[in-house]
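Here's the structure, in C-alpha cells; my notes come after.
Derivation of every value follows stated rules applied to the coordinates shown; laboratory data play no part. Quantities reported herein were computed from a predicted structural model and do not represent experimental measurements. Glycine gets a Cβ as well: all are built from the backbone with ideal geometry, and neighbour counts include every protein chain shown.
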Protein chains: 2
Amino acid sequence: MEYSTFGRHVAVDAWGVDFDLLNSAEYLQAQMVEAAEACGATVMSVQSKQFEPQGATVLVLLSESHLSIHTYPERGFAAIDCYTCGETVDPQLAIDYLVSVLKPEKTYAKKLVRGLGELQVETPEMQPIELV
Amino acid sequence: MEYSTFGRHVAVDAWGVDFDLLNSAEYLQAQMVEAAEACGATVMSVQSKQFEPQGATVLVLLSESHLSIHTYPERGFAAIDCYTCGETVDPQLAIDYLVSVLKPEKTYAKKLVRGLGELQVETPEMQPIELV
C-alpha cells in the first residue's frame, strides 16, 4: 500500500509567553499531547527534557509526523513546529491549540507544504488571541 | 544566565532514496546520531518508530533543539529537519551528512532563521552528491 507524501509543516516563533508556562517540561508535554489530539493526530511516543537553569524541549512522535517545542523562558520565547502528513490532519489546529494555551503576545509563523516537489512557503493566519 | 534565541532550521525533502535505507528505523537512528555529532550538537535522547508495512520516523532531542526524519520508502521519499539554536552548531552540516549517506537523486530545501522576529526563509545550497 502506498501513502501520499503530501504534508504540511507549520513553524511558529512565539514571544511574550509567561516564564512559568515555558519552564515546565511536564506541563508542556501534557499540552502537546492535547494539541496533537486537537488536530486529530495519533501520539506514538513522547520525549521531553527539562533544562537547567531553565528551558524545556518536548518532541512528540505522531503516526502522521511530529510536534515539537523548544523554550527560552527567560526570553518569553518558544519555537513550535507541527508537521503532519496526509490530508486528514491539519497541523494548524494543533498550533492554534498551543497558542490558546500559551497566550503569546506575538507570533511569527511560516507554513511549508512538503512532499510535492519544491517546498512551498506560506504565511499562515494565526488565530487571534482571546484576551480575557 | 540568558541564552540567545537565534536558531537555524533546515527542512529538506529528499527524493530517490533507496527503499532499504529508508525502511530501517534502526539504521536511520544510528545515522541521525552520527549526523548530530557531525554538526557538533549534543544528543540528549532519541525516539524512533518502525511503521508497517513500511516507513520510519526518528526524532533526536538535542541540547540545541532537534533533528528529525520521516520516510516513505515506497516513494523513495524522506522529510528531514535539523533545527539548532545558537551560533556554534550549524544544522546544515547534519543535513549534509545525511544527504551523503542517503544519496537522494533530488533534494528540495528551505532554511528558516528563527528566534529573531519575523522568520526569514532562505534556500540553502545543498552539497552536491558524489556519485561514485
Label-to-label distances across copies for B:Y3, with labels 7 Å out along Cα→Cβ, in nm, shortest first? 3.1
Helix B:91-102: inclination vs chain B longest Cα principal axis, degrees, rounded to 10, gives 10 degrees
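Using the Cβ atoms and a cut-off under 13 Å, what net charge is assigned to the surroundings of A:Y27, where Lys and Arg are +1 and Asp and Glu are -1? Walk me through the numbers before you get to the answer.
Working: positive: none; negative: A:D18, A:D20, A:E26, A:E34.
Every neighbour counted, the sum reads -4.
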How shielded is B:81-91 by partner chains, expressed as the average number of their Cβ atoms within 10 Å of its Cβ atoms? 2
In square nanometres, what is one fourth of the surface area of the convex hull spanned by the alpha carbons of the protein assembly as shown? 12.7 nm²
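As a check on your grasp of the helix formula, calculate [θ] at 222 nm for chain B: sum -39500 (n - 2.57) over DSSP H runs of n ≥ 4, divide by the residue count, round to the nearest 500.
On the way: 3 runs with 30 residues, N = 132.
Per the formula, -6500 deg cm²/dmol.
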What are the distances, in nm and sorted shortest first, from the label point of A:T42 to the label points of the same position in each other copy, with each label point placed 7 Å from Cα along the Cα-to-Cβ direction? 3.7
Starting from a label point 7 Å past Cα on the Cβ side, list the distances from B:V113 to the same position in the other copies, nm, shortest first. 2.6
Principal axis dimensions, largest first and in whole angstrom, of chain A by Cα: 46, 29, 26
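Rounded to two decimals, what is Rg over Rh for region B:10-50 when you use alpha-carbon atoms and the Kirkwood radius? Numbers along the way, then the final one.
Details: Rg = 11.4 Å, Rh = 11.6 Å.
We get a ratio of 0.99 for region B:10-50.
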C-alpha long axis of helix A:25-38 to longest principal axis of chain A, angle in °: 30 degrees
